[in-house]
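One structure is given below, encoded as structure tokens.
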Amino acid sequence: MRSLKSVFFNDEVFAHPTEGVWGLGCNPFSLKAVENLFELKKRPKNKAVIVLAGNKNHLKPFIENLTQSEKKDLYEKWPGPHTWLIPALDSIPKWLKGDTGMVALRLSSHPDVINITNELNSPICSTSANLSGEETAKNKEEINKIFGPDLYIADGELGKLNKPSSVQELITGKWIRK
């Protein structure tokens with residue numbers, strides 16, 4: 001039987017629970033894995049994905065360029081269901097930036113996200129478990145129906161949010177999704 005680690009390190013996509021919706025995840029540092037994610041979702045490659053972590057140490061390489069004040073702003077809403085768009089360092093893979101030059105980061109408080117990212121010792125790429133433009137899968141049965149029975153589904157349950165996380169630009173404060 002496949003394990004989450006084997007799926008992750010073999011550039012495969014997996015489904016995982018989050019605070020509010022089921023997500024599709026993969027290794028954010030693997031171009032092949034992210035391409036597999038976009039292909040599975042039928043998503044345009046210029047759209048960014050979220051880098052999701054349950055451990056703040058996993059996000060350190062992404063926030064090195066921020067001032068202490070900006071980091072303070074991050075942690076006012078972290079951990080929790082809040083995604084920040086921040087200017088991406090040159091060292092961040094281009095496939096994580098989309099067209100904006102920013103990277104979307106979330107430090108989750110969801111126990112299953114914490115367990116998954118700690119097991120992998122890595123953040124994950126995450127996007128909603130749906131075909132681009134369609135409704136998000138609400139349970140494991142819908143995930144199987146949309147993506148087939150071969151998609152690995154990580155153990156866990158959805159949180160109580162009942163919607164995707166909020167998204168906000170850190171520098172300007174502009175809300176993308178409330």
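Residue count for segment 157-178 satisfying the condition of being part of a strand (DSSP E or B) and either in contact (Cβ under 8 Å) with a residue 40 or more places away in the chain or among the charged types (D, E, K, R) (or both): 6. Contact annotation: residue pairs with Cβ atoms under 7 Å, 6 or more positions apart or on different chains, pairing a residue in segment 88-102 that is farther than 17 Å from LYS174 by Cβ and of a type in the set (D, E, K, R) with a partner that is modelled with pLDDT under 90 and in a loop (DSSP other than H, G, I, E, B), are LYS97/ALA48. The single residue among ASN36, ASN65 that is over 17 Å from ASN121 (Cα atoms), assigned to a loop (DSSP other than H, G, I, E, B) and out of contact with any helix residue (DSSP H, G or I) (no Cβ under 8 Å at 6 or more places or on another chain) turns out to be ASN65. Within segment 126-153, the only residue that satisfies the criterion of being on the phi > 0 side of the Ramachandran plot and over 18 Å from the mean Cα position of the chain (by Cα) is GLY148. Can you confirm whether LYS5 is under 16 Å from the mean Cα position of the chain (by Cα) and surrounded by fewer than 22 Cβ atoms within 10 Å (Cβ to Cβ)? So LYS5 does not fit the description; no.
Only one entry of LEU37, LEU66, LEU31 meets the criterion of being within 22 Å of GLY173 (Cα to Cα) and touching a residue at least 24 places away in the same chain (Cβ under 8 Å), and that entry is LEU66.
Reported count of residues in segment 124-156, each being part of a loop (DSSP other than H, G, I, E, B), buried (at least 17 other Cβ atoms within 10 Å of the Cβ) and out of contact with any His (no Cβ under 6 Å at 6 or more places or on another chain), is 6. Note on segment 101-119: residues that are surrounded by fewer than 19 Cβ atoms within 10 Å (Cβ to Cβ) and aliphatic (A, V, I, L, M) total 1.
The values are calculated or read from the model by the stated rules, or taken from the named source; none is laboratory data. Just so it is clear, the structure is predicted and the values come from calculations on it, not from any experiment. Note that we place each Cβ from the backbone using ideal geometry, even for glycine, and neighbour counts take in every protein chain shown.
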